[in-house]
Amino acid sequence: MDRSERLIKSTLVFAVGTFGSKVLVMLVIPFCTHYVDTVGMGTYDLIYTASELLKTVAVLCIPEALFRWIVEQTGGYEDMLSTWVLLFLMLIAVFSAAYWGVWLALRFQDALILYAMIVTGALYLGVQFGVRGVHRNKLFAAQGILYAAIMCTLSFLFVIPFSMGYQGLLLAILLATVAAIVFCVLKTTEFRGIRLDLARFEDMRKMLRYAVPLIPNQVSWWCITSLGRLAIVGFLGVAANGIYAVASKFPSAVTMLSSIFQQAWQEQAVLEYSASDRDLFFTRVFGVLARGLSSALLVLLPATAVFILLFTEADYHSAKNLTSVLYVGALFSAFSSFYGTLYMCSVKTEGAASTTIVGAVVAAALNFTLVMPLGLLGIGVAVAVSQLVVWVVRVFQTRKYAVIVVRWRELLLILAAVCAEIVAVYNTNSVGPLVALSLLGGVAFVVLNRALVVKAISMAKGRQ
């Protein structure tokens with residue numbers, strides 16, 4: 001099996017366990033709009049967004065360092081896994097003291113569930129990266145299915161018959177996370193050899209040297225994707241943030257497709273980084289990714305508008321126009337993530353931070369400049385532009401690590417078609433034309449990606 005086929009195979013494995021589960025998680029929130037008002041949804045979004053940031057900051061991004069240092073090993077994982085566990089416990093102890101100290105001063109609401117989500121979320125990240133690092137990809141896919149099934153089932157149970165509102169959604173995430181952690185630990189034999197006396201302080205220093213530069217990178221990404229929520233709450237109100245929360249769930253489809261690929265690509269890229277034809281291989285892979293994701297928007301933009309009009313409450317229908325711009329931001333974020341892999345391969349993580357800081361500055365300036373004249377749409381534009389800035393900066397900065405040739409003419413033509421669709425979706429509130437536009441986009445997607453589709457189908461048939 002050549003490396004392209006190996007990459008496709010790994011991507012398909014992750015897709016089996018991730019695609020269906022991510023779609024369920026993505027759709028559960030819009031369905032819950034029938035039972036949670038815009039204020040409740042806005043509160044849920046703020047708490048969830050805060051937990052996503054703090055779970056990485058609390059442990060100084062060491063889960064990513066764990067993956068980077070064990071993915072190239074062929075055995076003897078116990079020492080590094082033990083080092084990660086001890087370091088995790090030490091960092092969580094420090095974070096817990098700081099967190100509850102802040103709570104004593106501010107007495108903010110939902111402190112206990114937020115804390116539990118941060119700690120379990122940080123542990124879940126480490127477990128996930130550990131499972132991937134020891135090459136247990138099928139197990140990684142299985143735990144994703146389990147997480148989604150539990151999260152969706154409990155969300156409907158807590159929100160509908162128990163009427164727990166936004167707190168029910170948060171509790172469902174927490175319990176699903178705990179279940180997935182337990183499943184991974186029980187099924188991964190490498191975790192059974194973890195002993196704190198095997199931890200090595202030299203490995204701790206190595207992990208921290210790699211991970212600490214990622215903290216400003218993570219914070220900056222949070223600013224790019226989530227700072228707008230603070231502008232929304234401050235200028236437009238919590239209810240408006242509830243609409244934004246629903247709108248932002250749909251572009252996560254692009255993020256989902258990108259993450260499925262990235263999970264396979266990170267491992268492949270590290271192994272291929274020293275190859276003599278590395279630049280050519282990386283260029284080919286990015287070309288397939290850029291063509292596939294950008295053309296997927298031709299289907300997703302009108303299809304999402306149809307879903308919003310048919311399956312959400314009328315109070316949320318204005319999210320239809322916002323999702324289109326957020327999809328574009330998600331596309332550029334996927335491109336940035338691909339180039340971000342080069343920082344992992346070269347162990348130059350400080351470069352990743354410098355590019356996202358630029359994007360964060362742009363996002364902050366545009367969020368507070370555009371929120372009043374354009375409302376929620378202004379926040380969407382700020383996200384899209386800042387993501388574009390990060391990607392363009394990385395295109396130039398990473399040339400010293402690998403030279404990736406972008407097929408600008410093809411990409412710009414597809415993006416022009418996407419822009420035309422954004423205008424069409426914005427000016428159309430009828431389901432029929434939107435369905436037709438989505439079908440037309442589907443045809444375009446198959447035509448543009450026919451070689452990849454044929455190869456994937458051929459490989460799938462060969463496995464039967």
Check your understanding: How do THR38, THR225 stack up against each other in accessible area, from largest to smallest, with a 1.4 angstrom probe?
Key -> THR225, THR38
Review point. Under a 5 Å amide H to amide H cut-off, with H placed in plane at 1.01 Å, what residues pair with GLY165 once short-range neighbours are removed?
Key: none
Review point. LYS455: accessible area at probe 1.4 Å, nearest 10 Å²?
Key: 70
Point to revise | Within the accessible area of region 108-153 (1.4 Å probe), percent carbon and sulfur | key: 71
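Leaving ligands, DNA and RNA out of it, report the carbon-plus-sulfur percent of the accessible area of region 185-337 at a 1.4 Å probe. Don't jump to the answer; show the numbers that get you there.
Numbers: 3380 of 5480 Å².
Here it works out to 62 percent.
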Exercise for review: Using the heavy atoms of the protein chains and a 1.4 angstrom probe, tell me the accessible area per residue for the chain in square angstrom.
Suggested key: 41
Exercise for review: Place a +1 charge on the Cβ of each Lys and Arg in the chain and a -1 charge on the Cβ of each Asp and Glu, then give the dipole magnitude about the Cα centre in debye, rounded to the nearest 20.
Suggested key: 920
Exercise for review: Mind computing the radius of gyration and Dmax over the alpha-carbon atoms of region 79-174? Å is fine for both.
Suggested key: 16.3, 47
Check your understanding: Hey, if we sort ARG284, ARG3 by accessible area with the 1.4 Å probe, largest down, what's the order?
Key -> ARG284, ARG3
Review point. Once the dipole of the chain is set up with Lys and Arg at +1 and Asp and Glu at -1 on Cβ about the Cα centre, which of SER318, VAL358, THR74 lies farthest towards its positive end?
Key: THR74
Check your understanding: Which ³J(HN,Hα) values, rounded to whole Hz and listed in residue order, are derived for region 393-402 from phi using the Karplus coefficients 6.51, -1.76 and 1.60 in 6.51 cos²θ - 1.76 cosθ + 1.60 with θ = phi - 60°, glycine and proline given as x?
Key -> 4, 5, 4, 7, 5, 7, 4, 7, 9, 6
Review point. If each Cα of the chain is one equal point scatterer, what is log10 of I(q)/I(0) from the Debye formula at q = 0.06, 0.11, 0.13 Å⁻¹?
Key: -0.25, -0.93, -1.37
**Study point:** Rounded accessible area of THR153 (nearest 10 Å², 1.4 Å probe)
**Key:** 90
Review point. Using the alpha-carbon centroid of each, what span in Å lies between region 387-445 and region 169-214?
Key: 37
Study note, to complete from the structure: Diffing region 274-289: the Karplus 3J(HN,Hα) column from phi (6.51, -1.76, 1.60, θ = phi - 60°), in whole Hz with x for Gly and Pro, holds 8, 5, 5, 9, 3, 4, 5, 5, 4, 5, 4, 5, 5, x, 5, 4
Revision key, fill the gap. The ³J(HN,Hα) series, computed from each phi in region 186-202 with the Karplus coefficients 6.51, -1.76 and 1.60 at θ = phi - 60°, rounded to the nearest Hz and given as x for glycine or proline, is 6, 8, 9, 5, 5, 6, 5, x, 6, 9, 4, 6, 8, 5, 10, 5, 5
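Which peptide among 444-453, 162-171 comes first, and what is the full order, when sorted by highest mean count of other Cβ atoms within 10 Å?
So the peptides 444-453, 162-171, ranked by packing, come out 162-171, 444-453.
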Point to revise | Positive minus negative residues near ARG205 (Lys, Arg vs Asp, Glu; Cβ under 15 Å) | key: +1
Point to revise | region 306-430 - Rg and Dmax from Cα coordinates, angstrom | key: 16.9, 51
Check your understanding: Beyond 13 Å, what share of the Cα-Cα pairs of region 311-376 remains, rounded to the nearest whole percent?
Key -> 75
Point to revise | Partner lysines for LYS348 [C-alpha distance under 21 Å; skip if fewer than 8 residues away on the same chain] | key: LYS206, LYS400
Point to revise | Extreme residue, positive dipole direction of region 148-218, given options LEU154, PRO213, ALA172 (C-beta unit charges) | key: PRO213
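The values are calculated or read from the model by the stated rules, or taken from the named source; none is laboratory data. These numbers come from a predicted model, not from an experiment. A quick note on method: Cβ atoms are made from the backbone with ideal geometry, for glycine too, and the neighbour counts reach across all protein chains shown. All accessible areas refer to the heavy atoms of the entire protein, side chains included, with ligands and DNA or RNA removed. Shrake-Rupley method; radii C 1.70, N 1.55, O 1.52, S 1.80 Å.
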